[in-house]
């Protein structure tokens, strides 16, 4: 089930980035881990944490979060107590830029080095040791979004290292995230929203999202029906456009267009036609001003509305009442 348009834009709220710089303060570092990643009990490689430093920057990206971390060697343990104290239900997709980290869970040891990825979620227990100072970039997703977009890479309550040919498709995504990491703080809310939509579409493409794994023509038909119903429910929103519709349904633009082939017109054309039909109905059944009706159904420019209306119905909006 897709997000409603109002829910989607509420999640797209842009906040200020958070930056943590920690030196020899275990308490502050533990708070940072809890707020940016997950709750851990932190230790040093030999059980104590005496000389330590870390720099972490967290930036919101719509309903996602992008975290850049540079951490000195240390370790952390996550037990059931830390799991039960975790307030968020999220999945992390982590990329190591430099250094080396060892992760252990249920007796298994997983080594993670430069160019490799790890996927984790809030239900995992286990621990980690950073044996060489690490620079890493992590994309945090709500679990519902990760379940829809990353079925190839994520299994609940597991830690998974992705390397080799499996990691190839993730590198392009993280090339884009590297650019966003540098630019997000100076981007407008509108640009940030478009960037978040792009990242979600890339995730849908590489992960085999809901639309891709829906099951052939039957799945495409179901997606088409859901999208058309969603459009009808959100015609009044000026921000309704193919990119937001695709993001709200956790699919790529390509998957969206493939599913909508039966309507035989581009989605943007369909949205405009349905808005004009609503406007026509209101013009002939109410006495409301033309400008109010146009704005009610998502038209932000009267000139654009008048041209589109005249082209579709062969009469200007102001004269449609008499013609009807």
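Quick note: the coordinates plus some simple rules give every number you see, no bench work behind them. Predicted model only: the values in this text are computed from it and were never measured. Here Cβ is always computed from backbone atoms with ideal geometry, including for glycine, and neighbour counts include all displayed protein chains.
Take the Cα of residue 87, step 7 Å toward its Cβ, do the same at residue 191, and the gap between the two points is 3.2 nm. Rounded, prolate or oblate: which fits the stretch 269-323 when a ≥ b ≥ c are the square roots of the eigenvalues of the alpha-carbon gyration tensor, with rounded for a/c under 1.5 and prolate only if a/b beats b/c? The shape class here is rounded.
Between the Cα long axis of helix 168-183 and the first principal axis of the chain there is an angle of about 80°, rounded to the nearest 10. Our compactness index for the chain, the C-alpha radius of gyration over the empirical 2.2 N^0.38 Å, is 1.22. Rounded to the nearest 0.05, the FRET efficiency derived from the C-beta distance between residue 296 and residue 143 at R0 = 45 Å is 0.75. Each residue, residue 321 and residue 135, gets one label point 7 Å from its Cα in the Cβ direction; the gap between the two is 6.6 nm. Taking only Cα atoms, what is the 0 to 90° angle, nearest 10, from helix 267-285's long axis to the longest principal axis of the chain? Approximately 50 degrees, to the nearest ten. Computed from the C-beta positions of residue 125 and residue 169, the FRET efficiency with R₀ = 35 Å rounds to 0.75.
Extending 7 Å from the Cα toward the beta-carbon at both residue 98 and residue 26 defines two label points whose distance is 2.8 nm. Between the helical axis of 189-207 and the longest alpha-carbon principal axis of the chain there is an angle of about 70 degrees.
Bin width 10 Å, alpha-carbon pairs only: give the P(r) of the stretch 16-164 as whole percents, running from 0 to the bin holding the largest distance. Using 10 Å bins, I get a P(r) of 11, 44, 39, 6, 0 for the stretch 16-164. Once the chain from residue 229 to residue 157 is taken as fully extended at 0.36 nm per residue, the excess over their C-alpha distance is 22.5 nm. Helical runs assigned H by DSSP (4 residues or longer) give the chain a calculated mean residue ellipticity at 222 nm of -13000 deg cm²/dmol, each run adding -39500 (n - 2.57) before division by the residue total. Using the Cβ-Cβ distance between residue 303 and residue 254 with R0 set to 30 Å, the FRET efficiency from 1/(1 + (r/R0)^6) comes to roughly 0.40.
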